[in-house]
């Protein structure tokens, strides 16, 4: 079983993932200061080593941050630079032994109006409320 981490590659999250019996994770690491439009080898290696420390496999990189990809998704000026940066991410992934990226071509991603909606057992969830979205820009 694989668990989606989103951007939470914390030791607590990885430990819990291993404890429940998962064998791998997917996720989108938060960019580090050396990541300038693409994931550096250092960022990818650091996250991969952390995942492996807990006996897990980093099965897939979950896309790249929207600010690194929206221009080529929408055909805007600067698209070619973003495409080249994306290729750098792919090359850097290959260098550290990561061979699967989950590609998402939704320019708006998944539309939500809240990330604080109450859910079971006091947890928080994302939600969508059309009345809140109607007047959005």
Are any residues in region 9-37 without any contact (Cβ under 8 Å) to a residue 24 or more places away in the chain, more than 16 Å from residue 64 (Cβ to Cβ), surrounded by 13 or more Cβ atoms within 10 Å (Cβ to Cβ) and within 16 Å of the chain's Cα centre (by Cα), and if so, which ones?
13
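Test of understanding: among 112, 77, which residue is loosely packed, with under 15 Cβ neighbours inside 10 Å and farther than 18 Å from residue 28 by Cβ?
Answer to the selection: 77.
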Among residues of region 70-98, those that are more than 15 Å from residue 46 (Cα to Cα) and either modelled with pLDDT of 95 or more or assigned to a helix (DSSP H, G or I) (or both), counted:
19
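Quickly run through region 1-20 and pick out the residues that are in a helix (DSSP H, G or I) and in contact with a strand residue (DSSP E or B) (Cβ under 7 Å, 6 or more places away or on another chain). Give the derivation first.
Restricting attention to region 1-20, the residues satisfying the condition of being in a helix (DSSP H, G or I) are 11-19.
17 - this is the single residue of region 1-20 that is in a helix (DSSP H, G or I) and in contact with a strand residue (DSSP E or B) (Cβ under 7 Å, 6 or more places away or on another chain).
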In region 23-69, anything part of a loop (DSSP other than H, G, I, E, B), at pLDDT 95 or above and touching a strand residue (DSSP E or B) at 6+ places or on another chain (Cβ under 6 Å) is listed as 56
Does region 114-129 contain any residue that is on the phi > 0 side of the Ramachandran plot and at pLDDT below 85?
no
Taking residue 40 and the conditions (1) over 15 Å from residue 90 (Cα atoms); (2) crowded, with 16+ Cβ neighbours inside 10 Å, which numbered condition does it fall short on, given that it satisfies the others?
(1)
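Is there a residue being in contact with a helix residue (DSSP H, G or I) (Cβ under 6 Å, 6 or more places away or on another chain) and in the same structural domain as residue 100 (by TED's automatic domain parsing) anywhere in region 10-18? Spell out how you get there, then give the answer.
Step one: of region 10-18, the residues in contact with a helix residue (DSSP H, G or I) (Cβ under 6 Å, 6 or more places away or on another chain) are none.
Checked against the condition, which is being in contact with a helix residue (DSSP H, G or I) (Cβ under 6 Å, 6 or more places away or on another chain) and in the same structural domain as residue 100 (by TED's automatic domain parsing), region 10-18 yields no hits at all.
The values are calculated or read from the model by the stated rules, or taken from the named source; none is laboratory data. Since we're looking at a predicted model, the values are computed, not measured. For neighbour counting, all protein chains shown are included, and Cβ atoms are generated from backbone atoms with ideal geometry for every residue, glycine included.
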